[in-house]
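Undergrad: Please read through the structure below; I'll follow up with questions.
The values are calculated or read from the model by the stated rules, or taken from the named source; none is laboratory data. Given the structure is predicted, the values throughout are model-derived calculations rather than measurements. With ideal geometry, Cβ positions are generated from the backbone for all residues, glycine too; neighbour counts draw on all protein chains shown.
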Ligand code: GLN
């Protein structure tokens with residue numbers, strides 16, 4: 001199986017560019033180790049021998065980790081992220097590291113310092129972002145499983161536009177230890193797959209308490225696999241939020257979403273219309289909170305500790321070397337966010353910008369709490385449009401940010417959400433994603449509903 005996937009990567013990845021690094025030798029060695037374990041009659045891990053594509057934001061001992069940035073070029077981490085460790089303990093075969101928007105900032109993978117990834121459905125279109133590489137690897141059959149991270153939609157939006165499944169677990173459900181930080185109060189790792197059950201099997205392997213992450217939830221992992229094996233919506237109350245519709249939604253996306261709602265009804269769910277007025281402010285709040293946290297997190301890339309160092313010729317001060325390195329190592333979007341975040345956090349502006357955004361965050365959380373008094377899950381389109389052409393929004397940050405309109409409220413509130421395919425848009429033949437949102441620690445509901453409508 002590993003050899004077949006490595007051959008597939010060799011055959012198509014020149015065109016798709018899902019991978020930044022293929023660990024051919026390492027993958028073959030892991031696969032051989034599984035065979036040997038089996039031959040010795042030892043107990044195998046739950047995903048023994050299954051190949052996986054890992055987003056290049058998770059540290060991997062002895063294997064480069066770039067986060068899609070020049071600033072970490074050449075950095076080889078001396079340790080494994082908790083997610084990496086758990087994958088290895090499950091006997092997963094890690095094929096390599098996948099392409100992503102630099103520091104996970106973007107919705108198209110065009111912000112990668114190593115060039116864009118193509119959407120396997122149409123290579124001239126974006127595979128979503130920031131985890132476009134992971135989802136493209138699934139859609140092109142280069143890997144059956146992948147891992148992503150979702151700060152504002154980076155697992156679900158790529159899943160939607162590549163016709164695959166992606167889950168953002170409850171915040172704190174999957175350890176962030178060794179996951180390079182973008183916006184720590186929003187970042188969440190999660191599973192990507194081609195089916196709901198595959199995602200559940202991977203979810204179970206990576207989730208659970210980790211004492212190395214102070215925000216990790218110390219509670220049993222929700223029964224996601226059991227839920228995925230017993231899909232049903234009979235008797236469930238399913239919410240449709242008014243704010244996830246209107247201007248900017250592509251006709252074919254709306255059509256497929258409405259059909260999904262009808263399917264849910266036909267399968268025995270009760271549909272409830274919901275009003276969540278604060279959701280309209282989600283994007284604005286996110287684009288203050290995420291850049292603020294990023295400006296603080298990315299201060300550690302000072303040219304002294306990791307990767308790139310520019311101008312270290314013995315004539316310059318440490319400050320000058322830091323400045324030259326950050327100038328050369330960070331791309332435009334990362335610089336934009338650092339400047340925005342530094343501004344929003346500066347004294348005199350903190351209350352007006354960051355403080356207001358945090359208040360909006362609370363209002364959004366309350367809207368969800370009220371909604372979940374009336375319904376078991378909420379459904380929406382995952383993204384307002386299907387995959388757009390590479391280059392179309394590259395110079396228009398506002399247009400790019402709109403791709404996460406439906407996914408961001410969940411990150412701000414910290415609850416769980418899934419995107420799964422719900423057909424192709426008639427006008428362009430491209431995949432449409434259905435988003436399912438559940439309350440915190442009720443991740444199993446995503447799988448129960450997802451498996452019913454898949
Ligand atoms: N597209 C959003 C952003 O650019 C979300 C990214 C993410 O989830 N990592 O910040």
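Undergrad: If you take just the helices (runs of 4 or more DSSP H) that sit entirely in the range 199-316, which of them hold at least 1 residues that are within 25 Å of residue 386 (Cα to Cα)?
TA: 251-266, 282-297
Undergrad: Go through the range 135-158 and give me each residue that's assigned to a helix (DSSP H, G or I) and within 12 Å of the ligand (Cβ to nearest atom).
TA: Step one: list which residues in the range 135-158 are assigned to a helix (DSSP H, G or I), which gives 135-139, 156-158.
If the condition is that a residue be assigned to a helix (DSSP H, G or I) and within 12 Å of the ligand (Cβ to nearest atom), then 156, 157, 158 are the ones that fit.
Undergrad: Please go through the range 186-198 and give me each residue that is more than 13 Å from the ligand (Cβ to nearest atom) and part of a loop (DSSP other than H, G, I, E, B), ordered by number.
TA: Listed by number, the residues that qualify are 194, 195.
Undergrad: While we're on this one: Looking at 427, 454, which is the one that is at pLDDT 95 or above and in contact with a strand residue (DSSP E or B) (Cβ under 9 Å, 6 or more places away or on another chain)? It would help to see each step written out before you state the result.
TA: Values: 427 fails: in contact with a strand residue (DSSP E or B) (Cβ under 9 Å, 6 or more places away or on another chain).
Answer to the selection: 454.
Undergrad: Among the listed residues 99, 111, identify the single one that is buried (at least 24 other Cβ atoms within 10 Å of the Cβ) and more than 12 Å from the ligand (Cβ to nearest atom).
TA: Numbers: 111 fails: more than 12 Å from the ligand (Cβ to nearest atom).
Answer to the selection: 99.
Undergrad: Would you mind telling me which numbered condition in (1) more than 13 Å from the ligand (Cβ to nearest atom); (2) buried (at least 24 other Cβ atoms within 10 Å of the Cβ) residue 130 fails?
TA: It fails just one condition, (1).
Undergrad: Looking at 26, 106 in this structure, which one is over 17 Å from residue 146 (Cβ atoms) and in contact (Cβ under 8 Å) with a residue 40 or more places away in the chain?
TA: Details: 26 fails: over 17 Å from residue 146 (Cβ atoms).
When all the criteria are applied, what remains is 106.
Undergrad: A further question follows. Contact list please: Cβ distance under 9 Å, first residue in the range 275-303 and farther than 14 Å from residue 350 by Cα and without any contact (Cβ under 8 Å) to a residue 40 or more places away in the chain, second residue away from the ligand (no atom under 13 Å from the Cβ) and in a loop (DSSP other than H, G, I, E, B), pairs at least six apart or on different chains.
TA: 275/242; 275/243; 280/243; 300/306; 303/309; 303/310; 303/311; 303/312
Undergrad: Return yes or no: is residue 134 closer than 16 Å to residue 394 by Cα and under 15 Å from the mean Cα position of the chain (by Cα)? Can you show your working first?
TA: Values: closer than 16 Å to residue 394 by Cα: no; under 15 Å from the mean Cα position of the chain (by Cα): yes.
In short, no.
Undergrad: Does residue 328 qualify as being farther than 24 Å from residue 65 by Cβ and at pLDDT 95 or above? So that I can check it myself, show each step before the final result.
TA: Values: farther than 24 Å from residue 65 by Cβ: no; at pLDDT 95 or above: yes.
For residue 328, the condition - farther than 24 Å from residue 65 by Cβ and at pLDDT 95 or above - is not met.
Undergrad: Right, something else. What number of residues in the range 92-134 are over 26 Å from residue 335 (Cα atoms) and not in a loop (DSSP other than H, G, I, E, B)?
TA: Of all residues in the range 92-134, those over 26 Å from residue 335 (Cα atoms) come to 92-96, 119-124.
Within this subset, residues satisfying the condition of being not in a loop (DSSP other than H, G, I, E, B) are 93-96, 119, 122.
Qualifying residue count, the range 92-134: 6.
Undergrad: Let me ask you something else. Going residue by residue through the range 51-64, is there one that turns out to be assigned by TED's automatic domain parsing to the domain that holds residue 211, touching a helix residue (DSSP H, G or I) at 6+ places or on another chain (Cβ under 9 Å) and more than 22 Å from residue 202 (Cβ to Cβ)?
TA: The initial filter retains those residues of the range 51-64 that are assigned by TED's automatic domain parsing to the domain that holds residue 211, namely 51-64.
With the extra rule that they be touching a helix residue (DSSP H, G or I) at 6+ places or on another chain (Cβ under 9 Å), the set shrinks to 51-64.
The next check asks that each one be more than 22 Å from residue 202 (Cβ to Cβ); those that pass are 62, 64.
Checking the range 51-64: at least one residue is assigned by TED's automatic domain parsing to the domain that holds residue 211, touching a helix residue (DSSP H, G or I) at 6+ places or on another chain (Cβ under 9 Å) and more than 22 Å from residue 202 (Cβ to Cβ).
Undergrad: Cβ-Cβ under 8 Å, sequence separation 6+ or interchain: first residue in the range 393-416 and without any contact (Cβ under 8 Å) to a residue 24 or more places away in the chain and closer than 24 Å to residue 174 by Cβ, partner within 13 Å of the ligand (Cβ to nearest atom) and in a loop (DSSP other than H, G, I, E, B). Which pairs?
TA: Filtered contacts from the range 393-416: no entries.
Undergrad: Does residue 84 meet the test of being surrounded by 20 or more Cβ atoms within 10 Å (Cβ to Cβ), within 19 Å of the chain's Cα centre (by Cα) and part of a helix (DSSP H, G or I)?
TA: Considered against the rule, which asks whether it is surrounded by 20 or more Cβ atoms within 10 Å (Cβ to Cβ), within 19 Å of the chain's Cα centre (by Cα) and part of a helix (DSSP H, G or I), residue 84 comes out as yes.
Undergrad: Test residue 289 against the stated conditions and say whether it is more than 16 Å from the ligand (Cβ to nearest atom) and either surrounded by fewer than 15 Cβ atoms within 10 Å (Cβ to Cβ) or modelled with pLDDT of 95 or more (or both).
TA: Numbers: more than 16 Å from the ligand (Cβ to nearest atom): no; either surrounded by fewer than 15 Cβ atoms within 10 Å (Cβ to Cβ) or modelled with pLDDT of 95 or more (or both): yes.
No: the conditions fail for residue 289.
Undergrad: Continuing with the same structure: Would you mind telling me which numbered condition in (1) buried (at least 24 other Cβ atoms within 10 Å of the Cβ); (2) out of contact with any helix residue (DSSP H, G or I) (no Cβ under 7 Å at 6 or more places or on another chain) residue 68 fails?
TA: (2)
Undergrad: Hand me the list of strands (runs of 3 or more DSSP E) wholly inside the range 363-454 holding 2 or more residues that are under 24 Å from residue 215 (Cα atoms) and within 16 Å of the ligand (Cβ to nearest atom). Don't jump to the end; show me each part of the working.
TA: Working: elements: 377-381, 416-424, 431-438.
It comes to 416-424.
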